[in-house]
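These notes are about the structure you will find just below.
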Amino acid sequence: MKFEKTPIEGLFIIKPEVYEDQRGYFFESWNKEVFAQHGFNWDFVQDNQSFSAKNVLRGLHFQIPPYEQGKLTRVVNGSVLDVAVDLIKNSKTYGKHYKIVLNASEKKMFWIPPGFAHGFLALEDNSIFLYKCTKQYNKESERTILWNCRALNIDWGIKNPIVSPKDSKAPLFEEFESPFLL
């Protein structure tokens, strides 16, 4: 596996070694020992999967301490624009975002550590998005920031995505008091 740093500290693009032949393909999407060799010592406790039609946008979601989640994301069908926003108050990139297209054909993964808001936009119909989480879902610690908040300046490449009522009424980034510190 190749681990590539991004311009935002803590975010990584992970490219697995894919073995393909006439039968299909095989790759490891998670290997605790390999990830530990690259400084990842997380235990995953929950796997999530979503199915989305084209132009469905989910996010920007996160959980506050003590239930903050790290996420290892990937796509098994279709493609998504995956976005992470730095919510770590004393970080050099606080309030900045990084985005990447993940798709089934390239099989890349995206590591989003605790302290980041996360959202994604389905770029194709029948997009299946998987993510492993370092902590379990906790409704009381769940938070959302408005996906199109001007302060974040995220170019989703779409003006009117399909968004849940909860996500469409989320607070602005400026209204959020971050509990995350380095």
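For region 32-59, residues that are at pLDDT 95 or above and either in a loop (DSSP other than H, G, I, E, B) or touching a His at 6+ places or on another chain (Cβ under 8 Å) (or both) total 6.
Total residues in region 126-166 satisfying the condition of being more than 26 Å from Ile14 (Cβ to Cβ), surrounded by 19 or more Cβ atoms within 10 Å (Cβ to Cβ) and of a type in the set (D, E, K, R): the figure is 0. Somewhere in region 137-146, is a residue among the small types (Gly, Ala, Ser), over 14 Å from the mean Cα position of the chain (by Cα) and either more than 30 Å from Ala36 (Cβ to Cβ) or modelled with pLDDT under 95 (or both)? For region 137-146, residues among the small types (Gly, Ala, Ser), over 14 Å from the mean Cα position of the chain (by Cα) and either more than 30 Å from Ala36 (Cβ to Cβ) or modelled with pLDDT under 95 (or both): absent.
Out of all the residues in region 1-31, which are in a strand (DSSP E or B), under 29 Å from His97 (Cα atoms) and hydrophobic (A, V, I, L, M, F, W, C)? The answer is Phe3, Phe12, Ile13, Ile14.
Can you tell me which residue is surrounded by the fewest Cβ atoms within 10 Å (Cβ to Cβ) among those in region 4-31 that are under 21 Å from the mean Cα position of the chain (by Cα), among the hydrophobic types (A, V, I, L, M, F, W, C) and farther than 20 Å from Ile88 by Cβ? The selected residue is Phe27. Give all pairs with beta carbons closer than 9 Å in which a residue from region 112-130 that is at positive phi meets a residue that is among the polar types (S, T, N, Q); count only pairs at least 6 apart in sequence or on separate chains. Listed pairs, sorted by first residue: Gly115/Ser91; Gly115/Ser178; Asn126/Ser52; Asn126/Asn77.
Hey, any hits in region 144-154 for a residue that's among the polar types (S, T, N, Q), assigned to a strand (DSSP E or B), over 26 Å from Pro65 (Cα atoms) and in contact with a strand residue (DSSP E or B) (Cβ under 8 Å, 6 or more places away or on another chain)? The answer is no, given that none of the residues of region 144-154 is among the polar types (S, T, N, Q), assigned to a strand (DSSP E or B), over 26 Å from Pro65 (Cα atoms) and in contact with a strand residue (DSSP E or B) (Cβ under 8 Å, 6 or more places away or on another chain).
The values are calculated or read from the model by the stated rules, or taken from the named source; none is laboratory data. Everything numeric in this text was worked out from a predicted model, so none of it was measured. Note that we place each Cβ from the backbone using ideal geometry, even for glycine, and neighbour counts take in every protein chain shown.
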